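First comes the structure, then the notes that go with it.
The values are calculated or read from the model by the stated rules, or taken from the named source; none is laboratory data. Remember, predicted model here, so these are calculated numbers, not experimental data. Cβ coordinates were reconstructed from backbone atoms using ideal geometry, including for glycine residues, and neighbour counts include every protein chain displayed. Just so you know, the surface numbers come from the protein's heavy atoms only, side chains and all, with ligands and any DNA or RNA stripped out. Shrake-Rupley method; radii C 1.70, N 1.55, O 1.52, S 1.80 Å.
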Amino acid sequence: MTTSEQVIGAAFLRQTPSGALFRATTEGGLQATIAIEFVFDDTVRFRMFQEDTQPLFPLVQLPAALPCPTLEQGDGVVYLSAGDLRCTVHLSPFQWSIHDAGGRAFWAEQRNDTNVRGGSNVPALSYLLDEGNIAGVADSFALEPDDRVYGFGEKFFAHDKRGHTISTWNLDAYGVETERAYKNIPFFLCDQGYGVLVNSTARMRHAVGDPDYSRASYVLMVEDRTLDYFVIRGPSFKHILRRYADLTGYAPVPPQWAFGLWMSRCYFHNRALAEEVAQQLRTLDIPCDVLVFDGYWVRDAHQCDLLWDEERFPNPREMLSGLKAQGFKSCVWEGPFVPSGTAMFDEAQQAGFLLKNPQGEDYLINTGLVMASHNQEGFQGQETAGSFDGLPPAPPAGLPDFTNPDAMRWIQEKHEALMELGVDVFKTDFGEQVPDDAVSAYSGITGIELHNLYSVLYNRAVFEVTRARNKQGLVWARSGYTGSQQYPVHWGGDPQTSYSSMAGTLRGGLSLALSGIPFWGHDIGGFFGSRPTPRLYIRWAEFGLLSPLARCHGTTPREPWAYGDDAVAIFRKYARLRYQLIPYLYSYAHEASQTGLPLMRPLLLEFQCDPAAHAVDSQFTLGEWLMVAPVLTERDERVIYLPAGKWLDYWTAEVCQGPLYLDYEAPLDRLPLFLREGAVVPLGPVLSYIGEKKVDRLDVLIFPAESSRFTLKDDDEDVQIRCDATQQGWEIATGQTTKTLRFRLVGVGCPARITANGTEIPRLEQNEAGQIGWTFTPAEGVTITCPPPYMLTVER
């Protein structure tokens with residue numbers, strides 16, 4: 001039976017270089033140490049612990065130099081101040097809070113949420129006891145009546161998490177319609193202008209204004225002996241995300257080809273089919289960079305011993321070389337499973353590389369995988385059924401002990417052999433299956449401690465192999481936790497083939513974007529269920545091809561030609577647009593690596609001061625300048641919210657003035673797409689694949705405002721581009737660059753005069769290659785061609 005003991009008071013012990021220590025006492029006489037310390041001038045850490053021990057695998061990296069706050073003592077109260085923050089600690093009864101520069105308490109333990117009989121609706125700071133042993137810690141914090149709360153990882157069900165209880169425990173979500181999630185991250189943002197990171201790998205529950213507890217409180221319950229969390233003051237959400245990355249690590253920039261199209265299905269039954277798909281992509285002139293060999297590239301009942309099934313994929317080295325010659329990178333699927341009955345299992349068992357059960361034996365789990373369908377059903381099963389129902393389960397498997405460096409190296413060597421064969425990247429599926437009662441014989445870590453952490457260690461191990469081989473590391477990962485952004489990229493799991501699941505997928509991506517993961521994609525067309533209708537497939541393709549990463553995948557074919565000629569034409573249109581946007585996307589990938597900001601941005605991240613933007617969970621900005629509003633129903637229309645400012649319809653060049661709710665008609669071939677006023681969007685050529693040819697010429701699309709800035713970033717150079725309004729018109733300039741740029745101003749009238757480097761250039765009837773001058777049409781705007789250096793004036 002679980003009981004609780006509330007902390008009733010504390011005594012001040014001493015000042016530390018960055019804060020203060022207190023001795024806390026519970027109503028039952030338990031003693032604990034409380035540390036309240038500044039990590040940055042805007043970030044405060046709270047810890048309550050029995051023993052001040054360091055985890056074997058820390059999630060947080062503290063800065064080398066910590067602030068030195070001032071400490072003041074009053075009658076039963078201690079004050080700590082640094083920067084604009086002031087912590088107030090009342091000793092009896094114990095209660096602490098953080099105040100901003102104006103004296104407002106934006107973070108405070110809840111001690112005033114009571115019912116009519118005088119009892120508290122929520123727990124105060126307490127230990128949770130199981131048969132007298134500490135089994136967890138709980139506390140509650142005040143919420144303002146209009147507070148909204150975002151994040152907690154890839155949560156598919158709600159944008160604002162208030163009113164819900166969130167579980168932080170990684171699970172196979174089996175879809176995108178419930179609270180279950182593959183990527184649970186104990187980090188959230190509140191629109192009061194702060195963020196909170198709970199520093200633990202243990203199972204947690206977050207009751208965020210849930211009326212089952214109280215609408216007025218956030219209740220935190222952690223199944224850990226230590227309560228450890230960071231409170232980050234913004235008030236800017238962008239600043240909070242940067243601080244989160246300061247604490248948990250920044251995402252490295254993936255290779256540029258990762259932003260091309262990935263083509264996959266579950267699964268290519270043999271070599272001939274994979275090569276046929278590759279050839280058809282090139283024949284139909286559909287750009288694509290990665291071909292994914294899902295699930296059953298290994299032998300049946302061998303998921304995943306990391307050995308090719310050479311009966312169905314003869315001479316894999318030759319096959320991969322042939323694909324590479326066509327411009328394709330190759331990705332192979334894996335799960336962190338060592339299948340029983342295989343040579344790999346015998347190796348791992350003999351070396352002691354697997355997690356153990358309570359009896360000290362190798363832990364064998366049901367992985368959730370099934371046997372392949374091709375033998376039983378003549379290569380027809382998942383091609384037509386769309387689900388795994390009726391297929392027998394795969395053999396049980398062991399779990400590699402990634403806390404053991406020798407076990408990790410053993411796994412990495414198997415990946416290195418595949419890369420030497422020609423594999424470029426790995427789809428690191430699963431990672432959510434560590435049982436509570438598992439234990440590492442090497443480190444002593446139990447399943448309860450390892451369960452959430454496992455996804456980080458697993459993806460790190462594989463990511464490091466690709467980084468060592470290719471300089472820029474890359475995985476295509478499903479599971480994640482605090483710090484997973486350091487091992488990109490991630491995808492959204494297994495949605496059903498439905499409009500509802502497409503919307504849930506988008507909500508999951510927006511939630512993850514506010515949880516510190518900048519690089520994300522999803523299964524275009526949905527993963528399981530009946531084959532999507534052509535209309536659903538097209539709408540999902542439009543959404544997916546304008547997402548940060550783009551991959552087609554599902555249990556039935558996801559190649560566009562499986563859905564008709566219209567699907568091919570529309571898919572090709574958006575795939576080409578995506579490849580034109582690679583310079584824009586890759587620039588924001590570099591920015592993400594330096595700032596922690598996601599490529600896909602909920603409106604509230606760009607328009608934090610707009611209350612209406614906080615309610616929008618079916619649109620996003622791609623980077624700062626493009627507004628994407630996927631069509632998420634059968635209807636060829638949707639309502640779009642445009643915040644304050646001017647917005648230009650990418651397709652029609654019509655300019656709208658926000659704030660505005662726009663009833664938008666969207667024919668099947670049109671994804672609502674808008675340029676934000678001030679936009680600077682570099683566009684490259686249409687390529688069959690990244691690296692097909694050297695890209696040294698770009699168009700720069702500008703929707704001018706008073707002042708616009710963009711940094712064009714690639715692996716070779718950073719180029720500053722600016723456009724400033726003047727009394728006569730606009731001035732455009734760039735830093736030094738090796739690229740040839742052509743400028744397009746949209747949403748403007750016909751200029752009276754344009755000069756380049758002080759010399760007037762002529763107006764042309766049409767813009768021919770290499771000809772210096774400018775053209776104007778209402779649809780295309782102003783197009784300016786001139787040699788560098790670029791210093792242009794455009795007079796109205």
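Name every residue in segment 239-276 that is part of a loop (DSSP other than H, G, I, E, B) and closer than 23 Å to G516 by Cβ, in order of residue number. Once the filter is applied, which keeps residues that are part of a loop (DSSP other than H, G, I, E, B) and closer than 23 Å to G516 by Cβ, segment 239-276 yields G249, Y250, A251, P252, V253, P254, P255. Just one of the listed residues (T785, T737) is surrounded by 15 or more Cβ atoms within 10 Å (Cβ to Cβ) and under 29 Å from Q594 (Cα atoms), namely T737.
Within segment 102-120, being open to solvent by 60 Å² or more (accessible area, probe 1.4 Å) and either in a strand (DSSP E or B) or closer than 19 Å to M221 by Cα (or both) holds for R111, N112, T114, S120.
Checked against (1) on the phi < 0 side of the Ramachandran plot; (2) without any contact (Cβ under 8 Å) to a residue 60 or more places away in the chain; (3) not in a helix (DSSP H, G or I), G341 passes all but a single condition, namely (1).
As a summary of the residue check, A301 satisfies the conditions (1) closer than 30 Å to T497 by Cβ; (2) modelled with pLDDT of 95 or more; (3) of a type outside the set (K, R); (4) out of contact with any helix residue (DSSP H, G or I) (no Cβ under 9 Å at 6 or more places or on another chain) except for the one numbered (2).
Conditions (1) under 13 Å from K329 (Cα atoms); (2) of a type in the set (F, W, Y); (3) in a loop (DSSP other than H, G, I, E, B); (4) at pLDDT below 95, marked per residue:
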| position | (1), (2), (3), (4) |
| --- | --- |
| A278 | yes, no, no, no |
| P287 | yes, no, yes, no |
| V292 | yes, no, no, no |
| D305 | no, no, yes, no |
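For the criterion of being among the hydrophobic types (A, V, I, L, M, F, W, C), touching a residue at least 24 places away in the same chain (Cβ under 8 Å), open to solvent by less than 30 Å² (accessible area, probe 1.4 Å) and within 30 Å of P495 (Cβ to Cβ), V149 passes.
With respect to the conditions (1) at pLDDT below 95; (2) open to solvent by less than 40 Å² (accessible area, probe 1.4 Å), F710 lacks only one, and its number is (1). When we screen R531, R478 for residues that are of a type in the set (D, E, K, R) and open to solvent by 10 Å² or more (accessible area, probe 1.4 Å), the only hit is R531. When segment 408-461 is filtered for residues that are farther than 24 Å from D346 by Cα and assigned to a strand (DSSP E or B), the ones remaining, listed by number, are V425, K427. Among residues of segment 664-676 that are farther than 18 Å from V639 by Cβ, those with a Cβ under 8 angstrom from a residue that is of a type in the set (S, T, Y) and open to solvent by 40 Å² or more (accessible area, probe 1.4 Å), sequence gap 6+ or separate chain, pair up as L675/Y650.
Restricting the first member to segment 763-774 and to residues that are surrounded by 15 or more Cβ atoms within 10 Å (Cβ to Cβ), and the second to residues that are of a type in the set (G, A, S), the beta-carbon pairs closer than 6 Å and six or more apart or on different chains are L764/G773.
Residues are listed down the side, and each one gets a yes or a no for (1) surrounded by fewer than 20 Cβ atoms within 10 Å (Cβ to Cβ); (2) among the aliphatic types (A, V, I, L, M):
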| site | (1), (2) |
| --- | --- |
| L291 | no, yes |
| W297 | no, no |
| W308 | no, no |
| E311 | yes, no |
| R317 | yes, no |
| G322 | yes, no |
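Of all the residues in segment 340-358, those that are out of contact with any helix residue (DSSP H, G or I) (no Cβ under 9 Å at 6 or more places or on another chain) and not small (G, A, S) number 8. Selection of segment 405-429 for residues being in contact with a Cys (Cβ under 9 Å, 6 or more places away or on another chain) and either open to solvent by less than 10 Å² (accessible area, probe 1.4 Å) or without any contact (Cβ under 8 Å) to a residue 60 or more places away in the chain (or both) yields V423, V425, F426, K427.
Against the numbered list (1) touching a Cys at 6+ places or on another chain (Cβ under 8 Å); (2) outside any strand (DSSP E or B), D52 comes up short only at (1).
Just checking, does segment 685-692 include any residue being in contact with a Leu (Cβ under 7 Å, 6 or more places away or on another chain), modelled with pLDDT of 95 or more and at negative phi? No - not one qualifying residue is present in segment 685-692.
Only one of the listed residues (E432, E449, E464) is in contact (Cβ under 8 Å) with a residue 24 or more places away in the chain, out of contact with any Phe, Trp or Tyr (no Cβ under 8 Å at 6 or more places or on another chain) and crowded, with 23+ Cβ neighbours inside 10 Å. That residue is E449. For segment 7-23, a tally of residues being open to solvent by less than 70 Å² (accessible area, probe 1.4 Å) and either closer than 11 Å to V78 by Cα or touching a Leu at 6+ places or on another chain (Cβ under 8 Å) (or both) returns 10.
Taking the numbered list (1) closer than 17 Å to R742 by Cβ; (2) among the acidic types (D, E); (3) loosely packed, with under 15 Cβ neighbours inside 10 Å in turn, D699 passes all entries but (3).
The condition of being β-branched (V, I, T), in contact with a strand residue (DSSP E or B) (Cβ under 9 Å, 6 or more places away or on another chain) and farther than 29 Å from V338 by Cβ holds for only one of V277, V298, that being V277.
Note on segment 752-770: residues that are in contact with a strand residue (DSSP E or B) (Cβ under 7 Å, 6 or more places away or on another chain) and modelled with pLDDT under 90 total 2. Only one of these conditions is not met by K693: (1) open to solvent by less than 70 Å² (accessible area, probe 1.4 Å); (2) of a type outside the set (D, E); (3) outside any strand (DSSP E or B); (4) under 28 Å from R576 (Cβ atoms). Which number is it? Every condition holds for K693 apart from (1).
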